[in-house]
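Computed from the coordinates by the stated procedures, all read-outs in this text should not be read as laboratory data. Computed from a prediction, not measured in an experiment: that's the story for all the values here. FYI the Cβ positions are ideal-geometry reconstructions off the backbone, even for glycines, and counts take in every protein chain you see.
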Amino acid sequence: MMSALVSIGARMLRFQISTASEDRTTVVGIRGELDLASGGHLKQEVDRVLWEAPERLVFDLSDCGFIDTTGVSLIVRAQRGGAENGSRVLVVARPGGDVRRTLELTGLAASVPVFDSVEAAVGGRREFQPDR
């Protein structure tokens with residue numbers, strides 16, 4: 001697990017990335033706020049994971065309290081990189097949460113499958129259909 005204290009002005013925020021791999025699926029869990037201050041840490045981890053070319057790369061945003069365009073861009077970048085090496089990118093976000101709402105408003109939820117749980121993402125059961 002990668003853990004970082006990210007300094008923003010006078011505030012220190014905890015940002016954690018955990019990675020678990022099993023059966024050609026890698027789950028990258030994000031805890032904290034995914035924004036410009038923390039995005040570089042996630043970019044490094046995603047680049048490492050994509051190098052291994054898993055069949056599925058799941059971004060678990062269940063414990064992510066905030067995502068800005070930096071985070072959305074990283075997921076889009078991972079989707080493009082995954083398409084080049086045969087990895088399918090999936091996202092887990094809590095129903096009704098701010099992160100899921102951001103995914104919907106930016107249109108990302110229409111191009112990257114979004115699930116309610118890691119179990120659903122790994123099992124392939126899409127529990128969420130974005131508004132089109």
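To the nearest whole percent, what portion of all C-alpha pairs in the range 16-101 is separated by more than 23 angstrom? Kindly include the intermediate steps, with their values, before the conclusion.
Working: 512 of 3655 pairs.
Everything past 23 Å amounts to 14 percent.
State, to one decimal in nm, how far the label point of A83 lies from the label point of A110, with both points 7 Å from Cα in the Cβ direction.
1.5 nm
Gain in length, S62 to R14, computed as 0.36 nm per residue apart minus the alpha-carbon separation, to one decimal in nm? Display every interim value, and only then the final one.
Details: separation 48, 0.36 × 48 = 17.28 nm, distance 1.56 nm.
Gain in length upon complete extension: 15.7 nm.
When you count, for each residue, the other Cβ atoms within 10 Å and take the mean per peptide, how do 31-37, 20-26 rank with the highest first?
Numbers: 31-37: 19.1, 20-26: 13.7.
Highest-to-lowest ranking by the protection proxy: 31-37, 20-26.
What spacing in nm lies between the two simple spin-label points modelled at L36 and E55, each 7 Å away from Cα in the Cβ direction?
It works out to 4.0 nm between the two label points.
Give me the percent of DSSP beta bridges within the range 2-123 that run antiparallel, rounded to the nearest 5. Please list the in-between numbers first.
On the way: 14 of 30 bridges.
Restricted to the range 2-123, the bridges split so that about 45 percent are antiparallel.
Given Cβ point charges of +1 (Lys, Arg) and -1 (Asp, Glu) and nothing else, what value in debye, to the nearest 20, does the dipole of the range 2-123 about its Cα centre take? It would help to have the intermediate numbers written out before the result.
Working: 13 positive and 16 negative charges, 47 e Å.
About 220 debye.
With each pseudo-label sitting 7 Å past Cα toward Cβ, what's the D47-E22 distance in nm, one decimal?
3.0 nm
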